[in-house]
Amino acid sequence: MKLFVRLTLVVAVLIVSVMAQAQTKTRPVKRIPVRVVVVTTFELGEDTGDIPGEFQAWVERFPLQQKLPFPQGYHALRYNPERQVLGIVTGEGSLRGAASIMALGMDPRFDLTHAYWVVAGIAGIDPVVASVGSAAWAEWIIDRDSSFEIDARDIPADWSTGRIPLGRKRPFEQPAPELDRFGGVSGYHLNPGMVDWAYELTRNVRLDDTKELQAIRARYPDYPNGQKPPFVLKGDETAASAWWMGEHMNTLAQQWVRYWTGGKGVSTTTSMEDCGILQSLSFLAHDKRVRLERVLILRTGSNFTVPAAHDDVAQLLASEAAEDAALSAYIPSLEAAYRVGSPVVYELAGHWDRYRDHLPGAQQ
C-alpha cells in the first residue's frame, strides 16, 4: 500500500512538472524591443579603449552599454535599453554579413518587427564623385560579383570589359535583366524617401578636414570632387567580395551601376558586405520578421579607389594591403560614419511615437 502511495505521488509530481513545462513553452516570452539596429562590419580588438573599428564609437559614445551574448553570430551584440537600440558586428565579407544578419533576425530574444536598420561602415570612394572622409547615403546597392567573367587576356577586341551580366552574351547588352530574378540578385533599390530623409537630416553635419586628408587630396589634382573637403552626399554603392582598385575597374563600376539602375544610380563607394546583409533582410521580410523599407546604408570614404597622380595601381595596392587600420583615411572615415549615422539613429529612437508606425520621408 505504501509503495502504491509513493508511486502515485511520483506520477502526480511528474504530471505537474510536465504541465508546468508545457505552460512555460506555450506562454509568450517577453522579447527585447528594438527600435533601431546599428549594423557595423568589423571591430579590430575590444569594443572599447583600443584601436577602433566601426563598432567602437557606437559602444562608447551612443552608448551601447549592455553586452549580449551572440554565439550563433560573429561578435557579441550591444544594446541601449533606454533608447532600445541594438548594435551588431557582422564580420567582414558578404558571407559573414548574410549569416550574421540571418542569425539575428531568427533570434527569438528580439522583437525586430518595427525596427529600422542603419548600416554604418567605411568603404573605398570614387574621387570622381567625392573625397576621402566624406559620407554617402546609398539608394542603390549593386552587386558586382554575380556575373560572367572573361580573363583580360581573352577579351574580344571590340569589348570594353570581360565582365558580362548573367543572362547576356555581351557587356552591357540591353535590355538589362531584372535586379531580382531566377538566376540571382544583382542589386537592391532602397526606399528613396527614407534615403532622402536621412540625407536632408544630416547634409549639414560638419566633418573634420585634417592635414592628413588635405595631403591625400593634394595627390589627386585631376578630380574636382575629390579635391573637396569631406562632405555628406547621396551616392550609390558597388558591392563586391573582391577588393578591386584602379582606373579600369573604377570605370567598370561606374558603367555597371548605370547599367543596372537604368542610368539612375551613381557609383560612389565600394564595399563587400551590403548585398549579403540585404539578401538576409529580404528573406526575413518575407516572413514578416523585419521591414525591408526601413533599411539605410551609409558608407564613408576610407581610401580612394584609383591611384594618385604619378602612381600606379600596384603602388595603391601596396599602400592599402594591410589590415583596415592602414587605410589612408581610416580614422576620419570612422568618425564620419558615427557623426553622420548617429543623428539618424537618435532621431528614430528618440521620437518613436512618430516613427514606429510611420516611415519618415515622402515614399512609404
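The values are calculated or read from the model by the stated rules, or taken from the named source; none is laboratory data. In this text the structure is predicted, and so the values were computed from the model without any measurement. Cβ atoms come from the backbone with ideal geometry, glycine included; neighbour counts cover every protein chain shown.
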Please state which one of Ala198, Ala157 is outside any loop (DSSP other than H, G, I, E, B) and not aromatic (Phe, Trp, Tyr).
-> Ala198
Log entry, pairs with first residue in the range 279-298 being on the phi < 0 side of the Ramachandran plot, second being of a type in the set (Ser, Thr, Tyr), beta carbons closer than 7 Å, six or more apart or on different chains, reads Arg289/Thr113; Leu292/Ser282; Arg294/Tyr116
Residue that is surrounded by the fewest Cβ atoms within 10 Å (Cβ to Cβ) [pool: residues in the range 213-270 that are part of a helix (DSSP H, G or I) and of a type in the set (Ser, Thr, Tyr)] | Thr251
Close pairs (6 angstrom Cβ cut-off, 6 or more residues apart or separate chains): assigned to a strand (DSSP E or B) in the range 68-81, of a type in the set (Ser, Thr, Tyr) anywhere = Leu68/Tyr79
Condition met for Gln363 (at pLDDT below 90 and in a helix (DSSP H, G or I)) | no
Quick one: would you say Gly97 is surrounded by fewer than 21 Cβ atoms within 10 Å (Cβ to Cβ), touching a residue at least 24 places away in the same chain (Cβ under 8 Å) and closer than 26 Å to Trp243 by Cα?
-> no
Does any residue of the range 8-30 turn out to be more than 30 Å from Ile331 (Cβ to Cβ), in contact with a Phe, Trp or Tyr (Cβ under 7 Å, 6 or more places away or on another chain) and at pLDDT below 95?
-> no
Within the range 160-188, which residues are assigned to a strand (DSSP E or B), buried (at least 18 other Cβ atoms within 10 Å of the Cβ) and of a type outside the set (Ser, Thr, Tyr)?
-> Arg163, Pro165, Gly187
If Ser280 satisfies every condition in (1) assigned to a helix (DSSP H, G or I); (2) closer than 28 Å to Gly226 by Cβ; (3) not charged (D, E, K, R) but one, which is the exception?
-> (2)
Does the range 141-162 include one or more residues that are within 26 Å of Pro360 (Cα to Cα), touching a residue at least 40 places away in the same chain (Cβ under 8 Å) and under 18 Å from the mean Cα position of the chain (by Cα)?
-> yes
Given the residues Val132, Val118, which is the only one that is of a type in the set (Val, Ile, Thr), within 20 Å of the chain's Cα centre (by Cα) and either assigned to a loop (DSSP other than H, G, I, E, B) or surrounded by fewer than 17 Cβ atoms within 10 Å (Cβ to Cβ) (or both)?
-> Val132
When only residues in the range 283-333 that are of a type outside the set (Val, Ile, Thr), surrounded by 13 or more Cβ atoms within 10 Å (Cβ to Cβ) and part of a loop (DSSP other than H, G, I, E, B) count, which is farthest from the chain's Cα centre (by Cα)?
-> Asp311
